[in-house]
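Shown next, in structure tokens, is the structure this report addresses.
Each reported figure results from applying straightforward, stated rules to the coordinates on display, with no laboratory input. Predicted model, so just to flag it, every value in this text is computed and none were measured.
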Amino acid sequence: MTHLDGKKIFVTGGAGFIGSHLCAKLSSPSRKLTVYDNLSSGKVENVKHLPNVHFVKGDILDLKKLRSQEKADLIFHLAAQVVVPYSMENPIIDFETNARGTLNVLEKARKDDARLVFASTAAVYGNPTKLPTSEDYGFNPFSCYGLSKVVGEEYCDMYSKQYGLDITIMRFANVYGSRCHGVIHDFFDKINRNPEKLEIIGTGLQSRDFVHVSDIVEALILSTEGRAAVGKTYNLGYGETIQIIDLAKLIIKLLNLSEKTVISTTNTSWHGDVKTIWFNINKAKKELNWTPKVTLEDTLKEMIRDRRLS
């Protein structure tokens with residue numbers, strides 16, 4: 001990461017799940033790192049121990065405060081409302097955060113003439129008919145969350161073309177790892193409370209492409225090397241998919257609970273839930289020289305060991 005030495009780096013949502021892992025990797029005496037987070041879901045404890053990190057409690061909807069921060073050379077924009085059911089119940093709040101908030105961050109980037117890496121999502125594809133799905137599939141969002149991220153991407157494209165900003169868009173599949181809240185941790189928590197029963201929200205037939213946060217962080221940093229990724233969009237997933245019911249069975253098997261735990265489903269999915277996420281990641285592999293290294297099963301085994309030791 002010597003290409004980032006001497007740079008002033010600004011990370012929105014830097015105290016959150018992915019952001020804090022990214023900041024841990026970026027933190028160095030050779031660069032100045034500012035974490036900008038409203039702590040709606042992030043925690044200052046995630047970053048306060050990192051050296052050479054300046055934390056600012058601020059909201060991306062506060063354009064005046066955002067633009068008043070020290071000039072940045074590079075901005076990672078990770079702050080977002082990411083909960084699909086919440087977006088369907090609160091579409092206006094979701095739009096404000098993900099669309100107008102992104103526009104505000106772009107305005108800071110324009111003021112600073114900063115390079116920007118924007119965190120987008122598989123939700124922009126909706127329920128794709130082509131699997132695995134590549135970046136050229138097009139937009140077909142199935143949720144308000146997906147739609148608000150499409151708007152963010154389109155603003156990025158506009159600012160790139162009209163203002164000449166250097167922007168890279170990264171579409172995340174299902175990111176997991178420490179400090180993550182999601183289906184994997186939900187399953188572990190449910191089994192911990194009652195090892196005889198595991199209820200899946202939905203049909204269990206939804207399929208997801210799980211990618212470890214450490215692999216995501218590596219790709220984000222690789223995208224800032226040179227100019228090859230400027231103006232490009234990349235899928236970041238593991239490149240494989242697993243049904244949620246099979247994920248549940250795998251966790252139960254690894255816990256040696258196959259003869260004890262009964263799996264059930266609610267059979268009712270939430271508004272905006274998509275059937276399958278499965279990324280074609282060949283573009284990121286070829287152009288970023290990136291390959292995800294962490295397997296889902298190995299991580300599950302590690303999580304089980306950690307929980308037994310804690």
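With the gyration tensor restricted to C-alpha atoms of region 183-244, the semi-axes of the equivalent ellipsoid amount to 35, 14, 7 Å, longest first. By how many degrees, between 0 and 90 and to the nearest 10, does the Cα long axis of helix 296-309 differ from the longest principal axis of the chain? Roughly 80 degrees, rounded to the nearest 10. Report, ordered by chain and residue number, the aspartates and glutamates lying within cross-link reach of Lys260, taken as a straight Cα distance under 13 Å and ignoring same-chain residues fewer than 8 apart. Qualifying aspartates and glutamates at Cα under 13 Å: Glu196.
Diffusion coefficient (Stokes-Einstein, Kirkwood radius over C-alpha pairs, 10 °C, 1.306 mPa s) for region 163-202: 121 µm²/s, rounded to a whole number. A Stokes-Einstein calculation at 10 °C with viscosity 1.306 mPa s, built on the Kirkwood radius of the chain over Cα pairs, returns a diffusion coefficient of 79 µm²/s.
Computed over region 122-211, the P(r) tail beyond 17 angstrom holds 64 percent of alpha carbon pairs. Here the relative contact order of the chain, from alpha carbon pairs under 8 Å that lie six or more residues apart, stands at 17 percent. When the convex hull of its Cα atoms is viewed from all sides, region 1-94 shows a mean projected area of 6.2 nm². Pairs of alpha-carbon atoms within less than 8 angstrom and 6+ residues apart define the contacts here; what relative contact order does region 75-215 have, in percent? RCO, region 75-215: 25 percent.
Tell me the angle of helix 144-163 to the major Cα principal axis of the chain, expressed in degrees between 0 and 90 and rounded to the nearest ten. Once rounded, one gets 20 degrees. Per residue, the average separation of C-alpha pairs within less than 8 Å and at least 6 apart gives region 1-99 a relative contact order of 30 percent.
Once the Cα atoms of helix 213-222 and of the chain are each reduced to a long axis, what angle between those two axes, in degrees from 0 to 90 to the nearest 10, is obtained? For 213-222 against the chain, the angle is about 30 degrees. Per the Cα gyration tensor, region 32-148 maps to an equivalent ellipsoid with semi-axes of 28, 16, 15 Å, ordered largest to smallest. Calculated mean residue ellipticity, 222 nm, the chain: -10500 deg cm²/dmol, from DSSP H runs (n ≥ 4) at -39500 (n - 2.57) each, averaged per residue and rounded to 500. Using a Debye calculation, one point per C-alpha and no hydration shell, please list log10 I(q)/I(0) for region 171-310 at q = 0.16, 0.19 Å⁻¹ in order. Evaluating at q = 0.16, 0.19 Å⁻¹ gives log10 I(q)/I(0) of -0.87, -1.11.
Checking the cross-link filter: which lysines have an alpha carbon closer than 22 Å to that of Lys253, excluding same-chain neighbours under 8 positions apart? Here the lysines satisfying the reach criterion relative to Lys253 are Lys190, Lys197, Lys301. Remark: for residue pairs Lys108/Lys161; Lys71/Lys108; Lys232/Lys286; Lys57/Lys232; Lys111/Lys232; Lys108/Lys149, the C-alpha separation exceeds 20 Å in Lys57/Lys232; Lys111/Lys232.
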